[in-house]
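Read through the structure below, which is laid out as structure tokens, and then see the notes.
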Amino acid sequence: MSENFRILVVEDEEDLNEILKFNLESEGYLVDTSFSAEEALKRDLTIYHLMILDVMMGKISGFSLAQKIRKEMQLDVPIIFLTARDTENDLLTGFNVGADDYIAKPFSIRALQARVKAVLKRVKSLHADTETTSMNIGEIVLDLESKRLNIGDKKIELTRKEYEIISLLAKSPGRIFSREEILRRIWESDVIVIDRTVDVNITRLRRKMEEYGCYIRNKPGFGYYFEI
């Protein structure tokens, strides 16, 4: 699966940058490196399938770079953060700016390779889903053409926002979406929306799904995810 994926590593430690490049290329990935956010921003960032960003860099941190990628460039590329700090606030900040994973230094190369593989597997699955007309998760069937949810023989009537929420979560099982990210993706064109809107819609969605609503899980302080 690795031969078609291109990764950008943005890390200001030259030795670590070289180690990451060597080991990821040994897995078959195409790897480019930058030593600062400023250098990375000079690249065509639309060509990458994954970015690995160091949090603590010079003038522009990894968090700030991720915000530019998500909000200004509107790129949905997966992001893995590397950081020497492992506090809850840092984790929350990382996930709030759209992190797909977060790895604290020091880390083993094997652990990083496993995280990269897992994230890219989700990317591959997401692209495969866009080529099909439905997505099946046990008894749950999402009809991608009619925008309907079926559970067994039962058709579940959803609002457009409810459908978009379950579609977003179910296409990336295990991936935590913060309330802010869900708002940005699903209510991006609405002017006045509050975090509570996400909770209300998910509560209503769980109720409609009855016993299957338990698949939509909440990690307090982080956000929502779909667990099979």
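Here are the numbers for this structure:
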| item | result |
| --- | --- |
| Tabulated pairs, the stretch 132-145, first under 19 Å from residue 214 (Cβ atoms), second open to solvent by 70 Å² or more (accessible area, probe 1.4 Å) and modelled with pLDDT under 75, C-beta under 8 angstrom, 6+ apart or interchain | 137/228; 138/228 |
| Residue selected from the stretch 81-122 under the condition assigned to a loop (DSSP other than H, G, I, E, B) and of a type in the set (D, E, K, R), by the criterion modelled with the highest pLDDT | 105 |
| Tally, over the stretch 1-26, of residues that are within 20 Å of residue 122 (Cβ to Cβ) and either surrounded by fewer than 12 Cβ atoms within 10 Å (Cβ to Cβ) or at pLDDT below 90 (or both) | 5 |
| Breaking point among (1) in contact with a strand residue (DSSP E or B) (Cβ under 6 Å, 6 or more places away or on another chain); (2) in contact (Cβ under 8 Å) with a residue 12 or more places away in the chain; (3) farther than 26 Å from residue 121 by Cβ; (4) not polar (S, T, N, Q), for residue 177 | (3) |
| The stretch 144-174, residues that are more than 21 Å from residue 200 (Cβ to Cβ), more than 23 Å from the chain's Cα centre (by Cα) and open to solvent by 30 Å² or more (accessible area, probe 1.4 Å) | 145, 146, 148, 150, 152, 153, 154, 155 |
| Considering residues of the stretch 206-221 that are touching a strand residue (DSSP E or B) at 6+ places or on another chain (Cβ under 9 Å) and under 15 Å from residue 174 (Cα atoms) only, the residue least open to solvent (accessible area, probe 1.4 Å) | 216 |
| Complete set of residues in the stretch 66-86 that are in contact (Cβ under 8 Å) with a residue 60 or more places away in the chain and small (Gly, Ala, Ser) | none |
| Of the criteria (1) assigned to a helix (DSSP H, G or I); (2) free of Cβ contacts under 8 Å to residues at least 12 places away in the same chain, which one residue 63 fails | (2) |
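Residues are listed down the side, and each one gets a yes or a no for (1) touching a residue at least 40 places away in the same chain (Cβ under 8 Å); (2) among the β-branched types (Val, Ile, Thr); (3) assigned to a helix (DSSP H, G or I); (4) touching a strand residue (DSSP E or B) at 6+ places or on another chain (Cβ under 9 Å):
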{"residue": "8", "(1), (2), (3), (4)": "yes, no, no, yes"}
{"residue": "12", "(1), (2), (3), (4)": "yes, no, no, yes"}
{"residue": "17", "(1), (2), (3), (4)": "no, no, yes, yes"}
{"residue": "21", "(1), (2), (3), (4)": "no, no, yes, yes"}
{"residue": "31", "(1), (2), (3), (4)": "no, yes, no, yes"}
{"residue": "38", "(1), (2), (3), (4)": "no, no, yes, no"}
{"residue": "53", "(1), (2), (3), (4)": "yes, no, no, yes"}
{"residue": "57", "(1), (2), (3), (4)": "yes, no, no, yes"}
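The values are calculated or read from the model by the stated rules, or taken from the named source; none is laboratory data. Just so you know, these numbers come straight off a predicted model, no measurement behind them. Note: ideal-geometry Cβ built from the backbone for every residue, glycine included; neighbour counts use all protein chains shown. These area figures cover heavy atoms from the full protein model, side chains too; ligands, DNA and RNA do not enter into them. Shrake-Rupley method; radii C 1.70, N 1.55, O 1.52, S 1.80 Å.
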